[in-house]
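Worksheet for the structure shown next.
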Amino acid sequence: MFENLTDKMTNALRNLRGLGKISESNIADALAEVRTALLSADVHFRVAREFCERVKEQCLGQAVLASVTPGQMAVKIIHDELVRLLGEDSTKFSPVRPLKIMLVGLHGSGKTTSAGKLARYLRAHGNYRPALVACDVYRPAAIDQLETLAKATGTPFFCDRESKDVPAIGEKFLREALNASADLVIFDTAGRLQIDETLIEEIKRLRERVRPDETLLVADAALGQEAVNVARHFHEAVGLTGIVLTKLDGDARGGAALSMKAVTGVPIKFMGTGEKLEDFSPFHPDRMAQRILGMGDVVSLVEKAQETIDQKEAERLAEKMKKADFDLEDFLAQLQQMKKMGPLGSIMKMMPGMSGVQVGEKEERKLKRTEAIIQSMTKKERARPEILNGSRRARIAKGSGTKVSDVNALLKQFSQMRQMMKMLKGGKMKALMRGLGGKIPGMGGGRFPF
């Protein structure tokens, strides 16, 4: 979602980093580019203006440390202001138990899906015993959808398919959920295509009956500035405590995320980054600021790896690489471990300096083709690729739906990689770097972007 903003901010900061001295004129030029980048990302004009004014004031009044250049100091100030704009450390939930969470928002924002994702996340990471209560009695499929999500996440589910009295439903099933030993109750409420008084009044009455500790607005990031207006309206009506921003994997311009906290004072607490139940995580303002500025997000990358990668398998592969005893079976295992972490493009964006690297469907197809080629080999062939003669290579190409030239290219790249491992084992680092030449095995001879 922040791709376009990151590109423009990176260009603006490139000029800023080179400043040997900060003056009112050159900082104004650099911040004009920053302001343009923010506005083009659909950030509220007042938020963009105030952001640049605060940065300029700090840059001109800041004593520059001897260990950094003035340009680097300016970049740090912009980073810190972005973190402040996104909410700093205000994303934690109330510590009370039982914890009651009411989800509100417009129709189509992803409330029901977010309810299931939130229950799954808080059980895994907060040691909660969640329960889901269906309070959307108007959309025919809403109750069924929430029930399906509850089964998929192993979460107790409560609903009344006959009653239309939402406050009574909420109060009744809150009591039943607590009696069933739940210490987290999530209420999925109804939405509308637009805010209306009937919707607001119903949510107010439900709030009075169940007294939620957290009232979260589920907002579609693609709404842009309209999402900010929706957040303001709900906050004024029912007193929001946080926002769940959904569809961050889409092509929205990112302005909603940067504007919401500043305009409403309500922090973004969670974000949805895909359709799967696991595509849901806490919103970390500092990490998001780093990604927007093209600095990557190593912490989130490590957390994702810890959640998805088999530690014992990773240690086994690392040991084989260390001994230069790495075969195609190991290479296949490594590819499959990496796939668990998600699309390659999203992984690359978390790596420092890689935000501008375009990894799209073409590169993903190359990885799938590599996997198909290796899977078409026998275990003996994977362990001893040197036995792959012409007829075997033709069979593998046919079995994987590729060309013999593709098989040959992969084997050549893999052979080079093994040679590099042997050099690394022998401590010949310079020879390793010359021999590698930046090539990525399995990506069709692609090169690292540095």
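Since every read-out is calculated from the coordinates, none of them should be taken as a lab result. Just so we're clear, the structure is a prediction, and the values are computed from it rather than from any experiment. Reconstructed Cβ throughout: ideal geometry from the backbone, glycine too, with neighbour counts over all protein chains shown.
Key figures for this structure:
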{"item": "Inverse mean reciprocal Cα-Cα distance (Kirkwood Rh) of the range 169-212, Å", "result": "11.5"}
{"item": "Violating pairs (Cα-Cα greater than 26 angstrom) within the set Lys261/Lys362; Lys100/Lys247; Lys8/Lys261; Lys164/Lys247; Lys8/Lys368; Lys172/Lys247", "result": "Lys261/Lys362; Lys164/Lys247; Lys8/Lys368; Lys172/Lys247"}
{"item": "Cα gyration tensor category, rounded, prolate or oblate, for the range 155-230 with a/c compared to 1.5", "result": "prolate"}
{"item": "Distance violations [Cα-Cα > 22 Å] among Lys92/Lys117; Lys366/Lys412; Lys111/Lys151; Lys339/Lys366; Lys276/Lys366; Lys204/Lys276", "result": "Lys276/Lys366; Lys204/Lys276"}
{"item": "Sequence ranges 110-120, 141-151, ranked by mean other-Cβ count within 10 angstrom, highest first", "result": "110-120, 141-151"}
